[in-house]
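First up is the structure itself, then whatever we jot down about it.
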Amino acid sequence: MYRKPVQPVLVVVAHGSRDPRHAATVHALVRRVRRLRPGLRVETGFLDFNVPSVRGVLEALAAEGVRDVVALPLLLTRAFHAKADIPAVLRDAPSRLRIRQAEVLGPSPLLLTALERRLYEAGLTPADKSSTGVVLASAGSTDPEAIAVIAEIAREWRHTGWCAVRPAFASASLPRTEDAVRSLRALGCSKVAVAPYVLAPGFLPDRIARGAAEADVLAAVLGPAPEVARVLLERYDAARMPMAAAVSA
């Protein structure tokens, strides 16, 4: 009798924060993922501050007899956490688990759509695009690859019709949000909007919000936007394909 292969469990690996809004937003996003893919088991683990920990989730799955796991970093760029912290945690997972680390969420055209969704929810309209300068405000990183990705996203987004798009960073890199806002004013944009390229509220997103004091529009964080949930599933599917091929071989 043919039995359909069991899908790998999706373990969403979030950073964690002392700010309770962070975990609440992560859980809201995971609930949306579950609604989009009924039948897929999705668990959430945190690297720090919140429970359950990634290690605890993986140990519990192994104890249940789960074999295959896709670990998906809830990150927008491939910086230190994706390159070092998460692989280290996964290496220490129970040996019975076959774990594949999925790619980070960004860059993705769906994330640009989510950014525009948040800007329109904050009061802009498509008719405002050509006269509005946008600050693409990310958390920041010491990793040059991550910084280069943010700059490239800003260049790509500019070509969709905005007056201008400038990258900004809440930490580790320059310019800061407030400086990017002023540069867009000086450029002559009629309106200036700040689009936080972050997934959940917390210390650095709050810093972005303070830096947006002189902007006309401040969008919300990406959070559980439907486009973000779709990106999670795209990354999951790409990671599980080699696992499925190995099982059927």
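The values are calculated or read from the model by the stated rules, or taken from the named source; none is laboratory data. A quick note: this is a predicted structure, and the numbers were derived from the prediction, not measured. Note that each Cβ is placed from the backbone with ideal geometry, even for glycine, and that neighbours are counted across all protein chains shown. Note: areas computed on protein heavy atoms with side chains; ligands, DNA, RNA excluded. Shrake-Rupley method; radii C 1.70, N 1.55, O 1.52, S 1.80 Å.
Of all residues being over 27 Å from GLY202 (Cα atoms) and not acidic (Asp, Glu) in the range 42-88, which is surrounded by the most Cβ atoms within 10 Å (Cβ to Cβ)? Just the residue, please.
Initial filter on the range 42-88 (over 27 Å from GLY202 (Cα atoms)): 59-69.
Filter once more, keeping what is not acidic (Asp, Glu): 60-63, 65-67, 69.
Details: ALA60: 14, LEU61: 23, ALA62: 16, ALA63: 10, GLY65: 7, VAL66: 20, ARG67: 14, VAL69: 26.
Among those that are over 27 Å from GLY202 (Cα atoms) and not acidic (Asp, Glu), it is VAL69.
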Which of (1) more than 30 Å from GLU43 (Cα to Cα); (2) within 17 Å of the chain's Cα centre (by Cα); (3) in a helix (DSSP H, G or I) is the odd one out, the single condition ARG155 does not satisfy? (2)
Within the range 181-196, track down each residue that is under 22 Å from the mean Cα position of the chain (by Cα) and part of a helix (DSSP H, G or I). none
Please name all residue pairs, on different chains or six or more residues apart, with Cβ atoms under 6 Å, provided the first residue is in the range 126-149 and is within 20 Å of ALA200 (Cβ to Cβ) and the second residue is polar (S, T, N, Q) and surrounded by 12 or more Cβ atoms within 10 Å (Cβ to Cβ). VAL135/THR177; ALA137/THR177; GLY140/SER171; GLY140/SER173; ALA146/THR77; VAL149/THR77
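So if I check each of ARG207, ARG166, which one is more than 13 Å from THR77 (Cβ to Cβ), of a type in the set (Lys, Arg), assigned to a strand (DSSP E or B) and open to solvent by 10 Å² or more (accessible area, probe 1.4 Å)?
Selected residue: ARG166, the only one of ARG207, ARG166 that is more than 13 Å from THR77 (Cβ to Cβ), of a type in the set (Lys, Arg), assigned to a strand (DSSP E or B) and open to solvent by 10 Å² or more (accessible area, probe 1.4 Å).
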Taking ALA180 as meeting all but one of (1) open to solvent by 20 Å² or more (accessible area, probe 1.4 Å); (2) without any contact (Cβ under 8 Å) to a residue 60 or more places away in the chain, write down the number of the exception. (1)
For the range 15-34, how many residues meet the condition of being open to solvent by 70 Å² or more (accessible area, probe 1.4 Å) and part of a helix (DSSP H, G or I)? 5
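Looking at VAL70, VAL57, which is the one that is in contact with a Gly (Cβ under 6 Å, 6 or more places away or on another chain) and closer than 20 Å to LEU233 by Cβ?
Exactly one residue qualifies, and that residue is VAL57.
Mind telling me which of the residues ARG32, ARG98 ends up being within 19 Å of ALA229 (Cβ to Cβ) and touching a residue at least 24 places away in the same chain (Cβ under 8 Å)?
None of the other options fit; the residue is ARG32.
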Of ARG91, ARG96, ARG37, ARG117, which residue is basic (Lys, Arg) and open to solvent by less than 60 Å² (accessible area, probe 1.4 Å)? ARG37
Looking at (1) part of a loop (DSSP other than H, G, I, E, B); (2) at pLDDT below 95; (3) under 26 Å from ALA146 (Cβ atoms), find the lone condition where LYS83 falls short. (1)
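Quick one: which of VAL89, VAL51 is farther than 20 Å from ALA220 by Cα, modelled with pLDDT of 95 or more, part of a loop (DSSP other than H, G, I, E, B) and of a type in the set (Val, Ile, Thr)? Spell out how you get there, then give the answer.
Values: VAL89 fails: part of a loop (DSSP other than H, G, I, E, B).
Step by step, each of VAL89, VAL51 is checked, and only VAL51 is farther than 20 Å from ALA220 by Cα, modelled with pLDDT of 95 or more, part of a loop (DSSP other than H, G, I, E, B) and of a type in the set (Val, Ile, Thr).
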Have a look at SER171, SER130, SER141 and point out the one that is surrounded by fewer than 18 Cβ atoms within 10 Å (Cβ to Cβ), among the small types (Gly, Ala, Ser) and under 27 Å from ARG18 (Cα atoms). SER171
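Taking the stated definitions as given, is GLY123 touching a residue at least 12 places away in the same chain (Cβ under 8 Å) and surrounded by fewer than 19 Cβ atoms within 10 Å (Cβ to Cβ)?
Numbers: touching a residue at least 12 places away in the same chain (Cβ under 8 Å): yes; surrounded by fewer than 19 Cβ atoms within 10 Å (Cβ to Cβ): yes.
So GLY123 fits the description; yes.
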